[in-house]
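Report on the following structure.
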Amino acid sequence: MTSGTSGTTNIVACLALVFTLFMNSSVANPTRAETDVEQRVSDLLAQMTLAEKIGQMAQVNVGDSYIHDYLAEGVRGGRVGSVLNVVDPDIVNELQRIAVEESRLGIPLLVGRDVIHGFKTVMPIPLGQAATWNPDMVREGAHVAAYEAATTGVNWTFAPMIDISRDPRWGRIAESLGEDPHLASVLGAAMVQGYQGDDLAAIGTIAATAKHFAGYGASESGRDYSTTNIPENELRNVYLPPFRAAIEAGVASLMTSFSDLDGVPATANEFLLRQVLRDEWDFDGLVVSDWDSIRQLQIHGLTANDRESAVEAIRAGVDMEMHGDAYLNHLESLIEDGKIDADFVDQAAGNILRVKFRLGLFERPYTDRAILPPIGSEHALATARRAALQSVVMLTNEHHVLPLDAGSLESIALIGPLADAPYEQLGTWIFDGDPSMSVTPRQAIESLVGDDIEVSYVRAMKTSRTRTTDGFAAAVAAAGDADAVVLFLGEESILSGEAHSRADISLPGAQAELVRQIRATGKPVVAVIQAGRPLTLTNIVDNVDAILFAWHPGTMGGPAIADLLFGIASPSGKLPATFPRMVGQVPIYYNQKNTGKPPTPDTIAHIDDIDPHAPQLSLGMTAFHLDAGYTPLFPFGHGLSYASFEYENLRLSTTELNLGESLTVSVELLNTSPIAAHEVVQLYVRDLVGNVTRPVKELKGFRRIYLEPEERVTVEFELHTDDLAFYGRDMRLITEPGEFHVWVGSSSETDLMTGFRIVGPD
Ligand code: BGC
């Protein structure tokens, strides 16, 4: 074992020197030119042995609080290019010191970590952040995550996760930015910018990873790791655009997906990793496998052993192997035996070194806490609070029961397993999140109302999954004694995330029964639901007066929820994914195809109304479910406000334009209420006729606008014909002349519509 403290004096001296040099050089010479980077990559490659190049391609899991001898030896011997899961700055600095001072070529390490939605200060889960529809917010959240993580020496995160997710059963929908390619593209790019800043080499920025390339979100039946079958046209039009956007935003790396795409697992998928990524998109960053996913090619049944797996992965274009040794054990002999070309290794090592140079690691391999904001800074907590505030979606608000009127309430009952659960509100993928920093809804409400309102709290259920109703009597009694009830329902964080899929996505345990019993008290009932996915809420929606859907809102979820409950701020989140009525509707998403038999309200029948011996053709021969209809419970883009908004005068600058031109879509938005609030204005388009069938609506723009009471603003969107491009039958990107419909409004179900025509060459 090598002690993590050896060489401490050296490191301190070195840090001081490096920091002085860095600060001076960063002022005089902010970034090294890309040509310089290319030169440095090729100079370094020219000095490296084959074994050292292969060493760069290995990422080793550390996980422990000390440095194992084998790890120190590996780093010293140039057999490790990256480590992951080490967040002790002393250990990281010592590993870097060994790499820089004791390995032959002094190549620093990439230090990877899943910093998915915050480090110690936790932002809402990514799906919640997507509900803000606010790229600035998302960028800021990632920026905070980056500088907190950077204090430990982490220089590379495995985020953003931009898998299009149309299946709420899939536990990893929590980590995603939702179902829509445009929203996920804009927010994913913002997240990349937040982690990486303008200059990857600047202090406090870390390299981002767009993952999982590609199609992981389409896992069959929402079961994690399951097979995906995505036709190439759908892959290109739906699943790939966010990755393209992340690359345009400068993302440093991509991670392959665990999933099997149309028979070829993503980690061996040459079409994805070479043809699309390198040839079509010119990506020059690094591609890392997912955890052990090279060796898993054998388990998939694609290869017979690790050696064959190494061949498949390197040929496909995986540069670095995360936690596995197929590359380390086999690449050298595969080259010697002439089974693979040495160029593959040169390319892979070059891609890895390029990222290291871009990160400025050769100039500044060490971290120094003192030069970064402290963990949980005022800025970090304020960002987390604002993100949580904007992420909450008000799904219903019957009779304007919300906001609660603090002036007229004497008592309030807080009931449920998630009212005071500091860990659970952080959500999934929180390795470093600190629950002791969480402010829970109960704490925040108590501190907000002080002595003015009597607050009672009954947990009622041990967990969200508790089936017994033993705790309900106390909850009903508390509700009976209170002027209003807030139920804190949902799922704990463990119920979503990787490998945590559910087949039944209703509120678990006896929660629906708790709702029924509380409803029977006759008191106003508000449900605040924290969850990692859209849930089917059909069995509770009519038994509560209002629903605030808060996702897993992170460290500052409590104050955000309290502010919304009492009207200090208005809800402004909008759904980034469709909420089904029942799980059998899944996948259900707004940008579906029309089909040849689209349903309309007057063509559907309901199972309860079918007469005995009803003739086959009597029920409406259209695309609907007899028991669920064809609409969701809450559509994509939905989210209510305490203010009321009207949309008027939807106008286009022209109704006819040529390919290559733009038009301006404008709408007047009026706040007809005395309440100041944000509204997210959404622009949708339909291309009526296409070379391949086009979705019934596609989001093409959105803007979060703040309106004072009674304020009227004109909102404009620029729409270029390139924004209407799609992949056609020959898999080429085209924009076709023809008719288009345009909608603007407050959700994907808006009906404020107009249209235009693109005229093209005859
Ligand atoms: C996940 C990745 C993650 C990696 C490292 C894998 O199991 O699929 O998303 O980045 O582990 O923790």
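The values are calculated or read from the model by the stated rules, or taken from the named source; none is laboratory data. All values reported here derive from a predicted model rather than from experimental measurement. No Cβ is skipped: glycine too gets one built from the backbone with ideal geometry, and neighbour counts run over all protein chains shown. For accessibility, only protein heavy atoms count, side chains too; no ligands or nucleic acids. Shrake-Rupley method; radii C 1.70, N 1.55, O 1.52, S 1.80 Å.
A compact table of results
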read-out: Condition broken by Ala130, with the remaining ones in (1) within 8 Å of the chain's Cα centre (by Cα); (2) of a type in the set (Gly, Ala, Ser); (3) within 16 Å of the ligand (Cβ to nearest atom) satisfied; value: (3)
read-out: Residue match in the stretch 297-308 (condition: within 16 Å of the ligand (Cβ to nearest atom), at pLDDT 95 or above and either closer than 24 Å to Ala51 by Cα or in contact with a Cys (Cβ under 7 Å, 6 or more places away or on another chain) (or both)); value: yes
read-out: Conditions (1) within 20 Å of Pro242 (Cα to Cα); (2) within 25 Å of the chain's Cα centre (by Cα); number of the one not met by Ile705; value: (1)
read-out: Hits in the stretch 527-546 (condition: closer than 23 Å to Phe566 by Cβ, among the β-branched types (Val, Ile, Thr) and touching a helix residue (DSSP H, G or I) at 6+ places or on another chain (Cβ under 7 Å)); value: Val528, Ile540, Val544
read-out: Test: residue in the stretch 323-336 that is more than 23 Å from Val83 (Cα to Cα), more than 16 Å from the ligand (Cβ to nearest atom) and of a type in the set (Asp, Glu); value: yes
read-out: Given (1) out of contact with any strand residue (DSSP E or B) (no Cβ under 6 Å at 6 or more places or on another chain); (2) more than 15 Å from the ligand (Cβ to nearest atom); (3) among the acidic types (Asp, Glu), number of the condition Asp292 does not satisfy; value: (2)
read-out: Members of the stretch 100-122 found to be more than 14 Å from the ligand (Cβ to nearest atom), of a type in the set (Gly, Ala, Ser) and surrounded by 24 or more Cβ atoms within 10 Å (Cβ to Cβ), listed by number; value: Gly118
read-out: Residue satisfying all of: in the stretch 87-99; more than 16 Å from the ligand (Cβ to nearest atom) and either assigned to a loop (DSSP other than H, G, I, E, B) or of a type in the set (D, E, K, R) (or both); farthest from Pro534 (Cα to Cα) among these; value: Arg97
read-out: Test: Gly567 is assigned to a loop (DSSP other than H, G, I, E, B), within 25 Å of the chain's Cα centre (by Cα), under 30 Å from Asp420 (Cβ atoms) and among the small types (Gly, Ala, Ser); value: no
read-out: Checklist (1) touching a residue at least 40 places away in the same chain (Cβ under 8 Å); (2) more than 14 Å from the ligand (Cβ to nearest atom) applied to Leu84, failing item; value: (2)
read-out: All positions within the stretch 269-287 that are outside any loop (DSSP other than H, G, I, E, B) and open to solvent by less than 10 Å² (accessible area, probe 1.4 Å); value: Leu272, Leu273, Val276, Leu277, Leu286, Val287
read-out: Residues of the stretch 45-81 satisfying the condition of being closer than 29 Å to Ile430 by Cβ, assigned to a loop (DSSP other than H, G, I, E, B) and free of Cβ contacts under 8 Å to residues at least 60 places away in the same chain; value: Val62, Gly63, Asp64, Val80
read-out: Residues of the stretch 658-696 classified as of a type in the set (Lys, Arg) and either under 18 Å from Gly573 (Cβ atoms) or open to solvent by 30 Å² or more (accessible area, probe 1.4 Å) (or both), total; value: 1
read-out: Filtered residues of the stretch 355-397 (kept if aromatic (Phe, Trp, Tyr) and in a helix (DSSP H, G or I)); value: Phe357
read-out: All positions within the stretch 229-248 that are surrounded by fewer than 20 Cβ atoms within 10 Å (Cβ to Cβ) and not in a helix (DSSP H, G or I); value: Asn229, Ile230, Pro231
read-out: Checklist (1) in contact with a strand residue (DSSP E or B) (Cβ under 9 Å, 6 or more places away or on another chain); (2) touching a residue at least 60 places away in the same chain (Cβ under 8 Å) applied to Ile607, failing item; value: (2)
read-out: Criterion: more than 14 Å from the ligand (Cβ to nearest atom) and farther than 24 Å from Ala130 by Cβ - qualifying residue of Glu280, Glu248, Glu234, Glu220; value: Glu280
read-out: Qualifying residue in the stretch 154-170 (condition: touching a helix residue (DSSP H, G or I) at 6+ places or on another chain (Cβ under 8 Å), part of a helix (DSSP H, G or I) and within 14 Å of the ligand (Cβ to nearest atom)); value: no
read-out: Test result for Ala214, within 16 Å of the ligand (Cβ to nearest atom), open to solvent by 10 Å² or more (accessible area, probe 1.4 Å), within 15 Å of Met161 (Cα to Cα) and under 18 Å from the mean Cα position of the chain (by Cα); value: no
read-out: Residue match in the stretch 494-503 (condition: without any contact (Cβ under 8 Å) to a residue 60 or more places away in the chain, in the same structural domain as Gly433 (by TED's automatic domain parsing) and not hydrophobic (A, V, I, L, M, F, W, C)); value: no
read-out: Strands (runs of 3 or more DSSP E) fully within the stretch 605-687 counting 3 or more residues that are not polar (S, T, N, Q); value: 645-652, 662-671, 677-687
read-out: The stretch 309-322, subset buried (at least 24 other Cβ atoms within 10 Å of the Cβ) and β-branched (Val, Ile, Thr), residue nearest to the ligand (Cβ to nearest atom); value: Val318
read-out: Meets criteria (surrounded by 17 or more Cβ atoms within 10 Å (Cβ to Cβ), more than 30 Å from Gln275 (Cβ to Cβ) and at pLDDT 95 or above) for Val759; value: no
read-out: Selection within the stretch 723-744 - of a type outside the set (A, V, I, L, M, F, W, C) and either in contact (Cβ under 8 Å) with a residue 40 or more places away in the chain or part of a loop (DSSP other than H, G, I, E, B) (or both); value: Tyr727, Gly728, Arg729, Asp730, Arg732, Thr735, Glu736, Pro737, Gly738, Glu739, His741
read-out: Test: Thr367 is more than 30 Å from Lys53 (Cβ to Cβ), touching a residue at least 60 places away in the same chain (Cβ under 8 Å), touching a helix residue (DSSP H, G or I) at 6+ places or on another chain (Cβ under 8 Å) and of a type in the set (S, T, N, Q); value: no
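Per-residue answers, yes or no, for (1) under 24 Å from Ser293 (Cα atoms); (2) open to solvent by less than 10 Å² (accessible area, probe 1.4 Å); (3) modelled with pLDDT under 95:
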{"position": "Pro124", "(1), (2), (3)": "no, yes, no"}
{"position": "Ala130", "(1), (2), (3)": "no, yes, no"}
{"position": "Thr152", "(1), (2), (3)": "no, yes, no"}
{"position": "Phe158", "(1), (2), (3)": "yes, yes, no"}
{"position": "Pro181", "(1), (2), (3)": "no, no, no"}
{"position": "Gly188", "(1), (2), (3)": "yes, yes, no"}
{"position": "Ala218", "(1), (2), (3)": "yes, no, no"}
